[in-house]
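Structure record follows, encoded as structure tokens.
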Amino acid sequence: MRIPGLLLMLLFATGAQASAERYIQLSMHMVKILAAAPDGRINSGTGVQLDAKHVITNCHVVGRAQNVIVARGSTGVPAQARSVDTRHDLCLLSIAQPIARPVEVSSSRTLKVGDEVHAMGFSGGKALSMSVGRVTALHEMDNAAVIETDAQFQQGASGGALFDAEGRLVGVLTFFIPGMKRHFAVPTEWMQAGLDNAQDVELPVAATTPPFWAAAEADKPFFLRAIQHENDQEWDRLQAVTQEWVEAEPRNGAAIEAAVRASRLPPR
């Protein structure tokens, strides 16, 4: 009678050890971003070491900072902005020497719904945390796929990493909708233009365009407008935007699926 219990304990221990090993492995690529605002306040977020000289993070983490420090443990080095893509919320930083291990990068196109992913960042601006989940949706946008996942993260993890099951970077943790517990990472494909055209950018970052997820209603992608109306239980607006989505993208399966779901909801 004791053997099954012993086997269960062994399986639990093996799973916990595997999770700890994965945490250690993935944490080697992570850094904390400290952004000093003109009023002296420090905004903290997360970054990922891309190569020996570059770190990627969200532009909303850097914000209006006049000085940015990339830190790991007790080590911190000043960073220079090298490319700014406020629409996609991706800012590339350069540092004199790497303080984390460069990450292997893969495409959002390698993912499918149901795949295991790991979200890692400094949730709450404190300790580096990791959550395990699945890809719940892939939203087409600008020749890539915004990744939706149930691997949860909090404020402070912005700019962190979404890893695939092989430990490759597939997305940058960017925003979430608290009421629906829906979490989103922007695809790694959007980083390439910044790497290809990197040049020194003066701080503070000029936010000429808001990130797509915080833009005015008309400037948000259809998928995000639909999700927001669903979250707010605005059924009439949800039905209207999904119909507009289908008309604009008649071959988009996600648009058709969203319109069918919306048509079954009662108007308010």
Reference-scaled alpha-carbon Rg (2.2 N^0.38 Å with N residues) for segment 22-114: 1.12
Sorted largest first, extent of segment 111-268 alpha carbons per principal axis (Å): 47, 34, 28
FRET efficiency, Trp235 to Met28 (Cβ-Cβ, R0 35 Å, nearest 0.05): 0.15
Within the chain: Cβ-based charge dipole about Cα centre, in debye rounded to nearest 20 (Lys, Arg +1; Asp, Glu -1): 860 debye
Table column - 3J(HN,Hα) (Hz), segment 61-67, Karplus curve with 6.51, -1.76, 1.60, x for Gly and Pro: 6, 5, x, 9, 5, 8, 9
Length added when fully stretched, Glu217-Gln97, from 0.36 nm per residue minus Cα-Cα: 39.1 nm
Calculated SAXS-style log₁₀ I(q)/I(0) at q = 0.11, 0.12, 0.19, 0.20 Å⁻¹ - segment 45-197, Debye, Cα scatterers: -0.37, -0.44, -1.16, -1.29
Equivalent ellipsoid semi-axes, segment 189-268, via Cα gyration tensor eigenvalues times 5, rooted, Å: 34, 16, 8
For the chain, projected area of the alpha-carbon convex hull averaged over all directions, nm²: 17.7 nm²
Using θ = phi - 60° and Karplus 6.51 cos²θ - 1.76 cosθ + 1.60, couplings along segment 217-226 (whole Hz; Gly, Pro as x): 3, 5, 9, 7, x, 4, 4, 6, 5, 5
Mean residue ellipticity (222 nm) of the chain, computed from DSSP H runs ≥ 4 via -39,500 (n - 2.57), nearest 500: -8000 deg cm²/dmol
Number of Lys pairs (Cα under 25 Å; 8 or more positions apart or on different chains) in the chain: 8
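Read-outs throughout are calculated quantities, based only on the coordinates presented, and are distinct from any laboratory measurement. As the structure is a computational prediction, the values presented were derived from the model and not from experiment. Counting neighbours? That spans all protein chains shown, and the Cβs are built from the backbone with ideal geometry, glycine included.
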